[in-house]
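As structure tokens, the structure follows; a few thoughts come after it.
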Amino acid sequence: MSAHRVRAITRRLLQGFRRDRRTLALLFVAPIVILSLLGYLIRGSSTAPEVGLANEDSGPIGGLVADSLHQSSHIKTTDISAADGDAKLKDGSIVAYIVLPADFTQQVGQGNIAPEVHLEGSQPGEDAPVLQALQQSMISIAGRGNIHFAPKVDYLYGGPEYDTLDYFGAAFVGLIVFFLVFVITIVSFLNERSQGTLERLMASPLRRGEIVLGYMLGFTVIALVQAVEVLVFALAVLRIQNHGNVFLIFGMEALMVIAAVNLGIFLSMFARSEFQAVQFIPLVIVPQFLLSGILFPVSSEPQALQYVSNVLPLTYAVNGMRDIMVKGADLTWPSLQLDLAVVAAFGILLIAAGTATLRRRLG
């Protein structure tokens, strides 16, 4: 083995990296950006979940606990009527509501406290601050003897029978398809360009829109088969709980497939090699993964990031999948109609962008 030849290969590789500014940016800038985004998500959030409070107790203890809840830093409380609680949970204006029953002061005297906690339940990350704030509010009456605290927790959606996979599975069923279809499409379409296939098609009587549409349909057919496989495996093998229509889940998957295919076709125009194509994953997919509400509820993000989340198509796709699988939503739900419309519009926009970019790069 020659040390000189090994050094020559190493030097050649490093010189190649030095000339490739995109790769250098990926290696040294992208990790800082992603870690900064993650740190801002975890530590920068100051948004407390909106919680309704129905104090039906006319005694002093109910007022004391209510004041403690209003002053809590974990939640932001609003006085409501218990009769309006479920409606507010359904329209998303609150994530939970707490009911202090009429005999709450009497319960304290008997040593048993059973306030009612009604949780929306579709995102478990929003439940913990509510229960924590309620538990801390009990400190205000801790000096009144031996008290047993046992809140009555009720879930509008989800529930104690749901595990972590049930909550996150609804989002990941769509995300896995979106991610894999994007990677396969961007690499495959790039290969079509590098092998000269696209140039030969461009020289034929085919129009650019027909070329993009043909490739899109080809990739989409394969991707839809994959989507069926993922959905069947998730529901039949992993047994992820589902309260919605299976065909509606597949419809959302299909829209995500179309969006991923056309996003791959569009971005492939800006890559010269498979290595450069894969570089779009940390630049395009990872930020959407962090900001779409899969790991952190969008409502808990810092305000500046919420604006970004609300324009990302994956945010609406994740919301739609959770609405269907966890909440049992159907096409009469305005929120689901919005999610479907946004993902579909994003796919159409990318078809137009891919056609325009193909004309500019190869025309």
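Read-outs: derived from the displayed coordinates by stated rules, not from any lab. Predicted, not measured: the structure shown is a model, and the values here were computed from it. A quick note on method: Cβ atoms are made from the backbone with ideal geometry, for glycine too, and the neighbour counts reach across all protein chains shown.
So here's what we get for this one:
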read-out: DSSP-defined beta bridges in region 50-155 - what % are antiparallel, rounded to 5; value: 20
read-out: Extended-chain gain in nm, criterion 0.36 nm per residue less alpha-carbon gap, residue 272 and residue 13; value: 91.5 nm
read-out: Cα pair distances of region 241-363 binned at 5 Å [whole percent]; value: 2, 11, 17, 20, 19, 15, 9, 5, 2, 0
read-out: Footprinting exposure proxy for 74, 118, 243, 148 (fewest neighbouring C-beta atoms within 10 Å first); value: 148, 243, 74, 118
read-out: Percent of beta bridges antiparallel (DSSP, the chain, rounded to nearest 5); value: 20
read-out: Selected from 78, 332, 220 as most flexible by GNM, with the chain as the system and alpha-carbon contacts under 10 Å; value: 332
read-out: P(r) histogram, all alpha-carbon pairs of the chain included - 20 Å bins from 0, percent; value: 24, 44, 23, 7, 0
read-out: Interchain or long-range residues, amide H under 5 Å from residue 53's placed H; value: 78, 79, 80, 98
read-out: The chain: relative contact order in percent, alpha carbon pairs under 8 Å with at least 6 residues between; value: 19
read-out: Neighbour-count ranking [beta-carbon atoms within 10 angstrom, fewest first] of 204, 68; value: 204, 68
read-out: For the chain, with +1 on Lys and Arg beta carbons and -1 on Asp and Glu, the positive-most of 41, 65, 87 along the dipole; value: 41
read-out: Alpha carbon convex hull of region 50-155, volume per residue in cubic angstrom; value: 84
read-out: Cα pair distances exceeding 21 angstrom across region 113-183, given as percent; value: 46
read-out: Of the DSSP H helices in the chain, those whose Cα atoms cover at least 20 Å axially and whose Kyte score averages -1.0 or more; value: 3-19, 164-194, 208-232, 246-268, 334-362
read-out: Contour excess over end-to-end distance, with Cα ends at residue 286 and residue 243 and 0.36 nm allotted per residue; value: 12.6 nm
read-out: Potential extension, residue 56-residue 79 segment - 0.36 nm per residue separation minus Cα distance; value: 7.2 nm
read-out: FRET efficiency, 1/(1 + (r/R0)^6) with R0 30 Å, evaluated for residue 337 and residue 210 via beta carbons; value: 0.45
read-out: Distance in nm between pseudo-label sites at residue 191 and residue 330 (7 Å out along the Cβ direction from Cα); value: 4.4
read-out: Equivalent ellipsoid semi-axes - Cα gyration tensor, region 150-227, angstrom; value: 45, 12, 8
read-out: For the chain, calculated [θ]222 nm from helices alone, where every DSSP H run of n ≥ 4 adds -39500 (n - 2.57); value: -19500 deg cm²/dmol
read-out: Cβ charges +1 (Lys, Arg) and -1 (Asp, Glu), total dipole of the chain, debye; value: 3060
read-out: Note, ³J(HN,Hα) from phi for region 233-245, Karplus 6.51, -1.76, 1.60, rounded to Hz, x at Gly and Pro; value: 5, 5, 8, 8, 9, 6, 6, 5, 5, 9, 10, x, 7
